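Q: I'd like to ask some things about the structure below.
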Amino acid sequence: MVILQLSKGWLDGRPFLFDTIYGNHAQQHNYYFIPLIGIFTKPFGVNGLFLAYVCLLGVFFFVYHRSFAGSAVAGRQAVWLAASIYVFGPMAYFMYTDYFGWHPEQYFVPLLALLALSAAQRKWGISIVWLMLTLLLKESSIVLICCLFLFCSVVDRVIRDPTRHWAGYLLNKRNVIIVGTSVALFLAGLWWLSYLNGVKPSRLSEAFAHTKFNTTFFLYVLFSLTVGVLTFGLAIIPFVPWLRTFPRKGLIIWTLAVCYTVLLVMFATEALYYFPTIYPGISYPPRISGLWAFMFSGFIYWSYRVAQAGFMPGRAAFSWVLTGCVLQFILATFLVAHHFTLETEPGTLSHNVSYMIKSRFGLDPYPDGLPRELHGYARAMPARSEVIVPFQYFRYFEGVYPSFWPLDGRYPAYMLGKPLMLVYEKNLLQNGVYPSLPGKGYTAIPHQHLLILADSSWYNQTFK
């Protein structure tokens with residue numbers, strides 16, 4: 001819901017990168033790519049977040065198909081299978097089903113892949129476009145871009161001359177420029193966040209403040225390393241068929257591993273904000289998606305450049321890629337944080353099928369009961385409307401700008417105007433959880449378990 005508001009709020013005349021939960025979200029992250037997704041979320045609501053992702057993937061696979069149109073059939077099929085498993089395999093499935101909802105970091109997968117492919121094709125104009133879009137995604141974007149460009153630089157130099165000393169591939173003017181520029185942009189992004197926060201502590205400083213060097217921290221590091229190593233092992237498997245025929249394969253693997261380790265440390269540090277909780281750390285979908293996106297984009301650049309240089313995968317390419325997919329199927333439920341189970345009881349499956357039919361496969365998501373009633377009110381409200389509801393009813397108001405009552409029942413902090421509707425739980429109201437009720441100007445809508453107060457003029461004009 002937060003990302004939905006950030007994407008389309010400015011199109012509804014609300015402050016830029018402002019939401020009803022955290023207020024000025026620009027103080028937390030440099031999410032400057034997300035408002036562009038408003039062209040999808042404004043007409044399609046929360047589904048627009050995923051629709052934008054699908055469109056970016058569609059662009060990538062279209063360009064990827066055309067780039068390999070003249071290649072040998074066996075090589076073309078191998079790269080297509082590998083790319084498909086990166087994007088649609090078991091690891092990706094759990095990354096997409098983020099239990100807290102859609103995160104901007106999940107756009108790293110198509111954006112970095114498009115950047116890698118355009119760079120491999122030496123199409124510098126469109127490369128700049130994908131570079132800028134990726135850079136605007138988050139303050140950490142530049143670190144992923146830096147790692148990708150360093151890997152690309154090493155691959156190019158090995159292809160050009162595979163006989164040089166390893167230091168020549170790493171310590172050169174191009175790599176110094178890549179690292180220097182990236183560090184400068186990364187520090188500028190952190191400075192900008194600090195500037196917007198003013199005297200308030202940043203998320204990074206709060207993350208370090210949470211850290212306590214105890215047994216839990218040791219377990220956190222151990223868990224992060226385990227997840228990181230296993231994920232790297234799964235992600236590098238599609239490289240193997242080409243590595244077997246490629247010179248300086250050890251250098252390629254070490255370059256990938258070092259860049260990946262830098263990203264692992266960055267995401268693990270970012271996750272300290274939630275310490276001492278361990279599971280939403282490096283395995284949390286937004287973070288592990290960044291690691292996966294780096295390896296995927298590296299493969300895209302790698303597969304294109306080595307094909308252009310005449311290196312083809314061996315006969316066992318399909319076996320390697322499919323073996324990687326099977327290992328993903330085994331390990332993904334451990335490596336990617338999730339909170340759901342597969343329902344197996346016939347009665348439950350029957351209920352799910354019935355719901356799919358009644359909801360017209362999600363086109364009418366709340367077919368009956370209280371959800372339909374509240375969702376109906378939301379659909380009748382003007383686009384800029386604000387409402388305050390109990391947390392469990394929050395999702396029914398995706399079409400407007402909802403906030404939820406804090407545990408102490410106090411008025412939410414980030415409301416810009418007069419709420420069009422306030423929803424209270426009657427049992428909490430009787431226990432004195434809510435400090436006060438609004439005065440005149442609201443009409444009570446009869447309900448057994450809820451006290452629903454709607455703006456009188458809007459309610460009378462809409463429903464009377």
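The values are calculated or read from the model by the stated rules, or taken from the named source; none is laboratory data. Every value quoted in this text rests on a predicted model; they were computed, and no experiment measured them. Don't worry about glycine lacking a Cβ; one is built from the backbone with ideal geometry, like all the others, and counts go over all protein chains shown. Surface areas here come from the heavy atoms of the whole protein model, side chains and all, with no ligands, DNA or RNA. Shrake-Rupley method; radii C 1.70, N 1.55, O 1.52, S 1.80 Å.
Q: Can you tell me the Rg and Dmax of segment 142-228, counting just the alpha carbons, in angstroms?
A: 18.6, 54
Q: Also, I was wondering about something else. Under a 1.4 Å probe, what is the accessible area of the chain per residue, stated in Å²?
A: Values: 21980 Å² over 464 residues.
Counting only protein heavy atoms, the per-residue value for the chain is 47 Å².
Q: Show log10 I(q)/I(0) for the chain at q = 0.05, 0.12 Å⁻¹, two decimals, from a solvent-free Debye sum over equal Cα scatterers.
A: Scattering profile of the chain, log10 relative to I(0): -0.22, -1.13.
Q: May I pose another question? Using only the Cα atoms of segment 2-62, what semi-axes does the equivalent ellipsoid have when each is the square root of 5 times a gyration tensor eigenvalue? Give whole Å, largest first. Walk me through the intermediate numbers first.
A: On the way: eigenvalues 100, 31, 15 Å².
Equivalent-ellipsoid dimensions as semi-axes: 22, 12, 9 Å.
Q: Here's a follow-up. Once the dipole of segment 151-269 is set up with Lys and Arg at +1 and Asp and Glu at -1 on Cβ about the Cα centre, which of Leu190, Trp166, Ile237 lies farthest towards its positive end?
A: Trp166
Q: So what's the convex hull volume per residue for the Cα atoms of segment 43-199, in Å³?
A: About 173 Å³ per residue, rounded to a whole number.
Q: Any idea what angle helix 317-335 forms with the longest principal axis of the chain, computed on alpha-carbon atoms, 0 to 90 degrees, nearest 10?
A: The two axes meet at around 40 degrees.
Q: With the crude spin-label approximation of a point 7 Å out along Cα→Cβ, what separation in nm comes out for Asn197 versus Ser350?
A: That separation, rounded to one decimal, is 5.5 nm.
Q: What are the semi-axes of the equivalent ellipsoid for segment 204-277, taken as the square roots of 5 times the Cα gyration tensor eigenvalues, largest first, in whole Å?
A: Each semi-axis is the square root of five times an eigenvalue, giving 32, 12, 9 Å.
Q: Separate question: Which whole-Hz ³J(HN,Hα) couplings does segment 197-205 yield from phi under the Karplus relation 6.51 cos²θ - 1.76 cosθ + 1.60, θ = phi - 60°, glycine and proline marked x?
A: Values, residue by residue: 6, x, 7, 6, x, 7, 4, 5, 5 Hz.
Q: So between Gln430 and Arg384, what do we pick up on full extension, going 0.36 nm a residue minus the alpha carbon distance?
A: Contour length minus Cα-Cα distance gives 13.4 nm.
Q: Percent of accessible area on the chain owned by carbon and sulfur, 1.4 Å probe? The partial results should precede the final answer.
A: On the way: 14640 of 21980 Å².
Carbon and sulfur: 67 percent of the exposed surface of the chain.
Q: Determine the dipole magnitude for the chain: charges of +1 sit on the beta-carbon of Lys and Arg, -1 on that of Asp and Glu, nothing else is charged, the reference point is the Cα centre, and the result goes in debye to the nearest 20.
A: My answer is approximately 1320 debye.
Q: Another question about this same structure. log10 I(q)/I(0), Debye, Cα-only segment 319-450, no solvent, q = 0.16, 0.20 Å⁻¹?
A: For the requested q values the scattering log ratios are -0.96, -1.19.
Q: Taking the Cα atoms of segment 414-464, report the difference between the largest and smallest coordinate on each principal axis, in whole Å and largest first.
A: 33, 28, 17
Q: Would you kindly enumerate the cysteines in the chain that have no other Cys beta-carbon under 4.7 Å from their beta-carbon?
A: For the chain, the answer is Cys55, Cys146, Cys152, Cys325, because their Cβ atoms have no other cysteine Cβ under 4.7 Å.
Q: Quick one: of Lys418/Lys440; Lys8/Lys358; Lys8/Lys138, which pairs are farther than 23 Å apart, Cα to Cα?
A: Lys8/Lys358, as the Cα separations exceed 23 Å there.
Q: Related question: Assign unit charges at the C-beta atoms only (+1 for Lys and Arg, -1 for Asp and Glu), then state the dipole size of segment 198-291 relative to its Cα centre in Debye, rounded to the nearest 20.
A: 200
Q: Also, quick follow-up: Segment 3-121: D in µm²/s via Stokes-Einstein (Kirkwood Rh, Cα pairs, 10 °C, 1.306 mPa s)?
A: Value of D from the Cα-based Kirkwood radius: 99 µm²/s.
Q: Shifting gears a bit: Roughly how tilted is helix 108-120, in degrees to the nearest 10 and between 0 and 90, from the longest Cα axis of the chain?
A: 30
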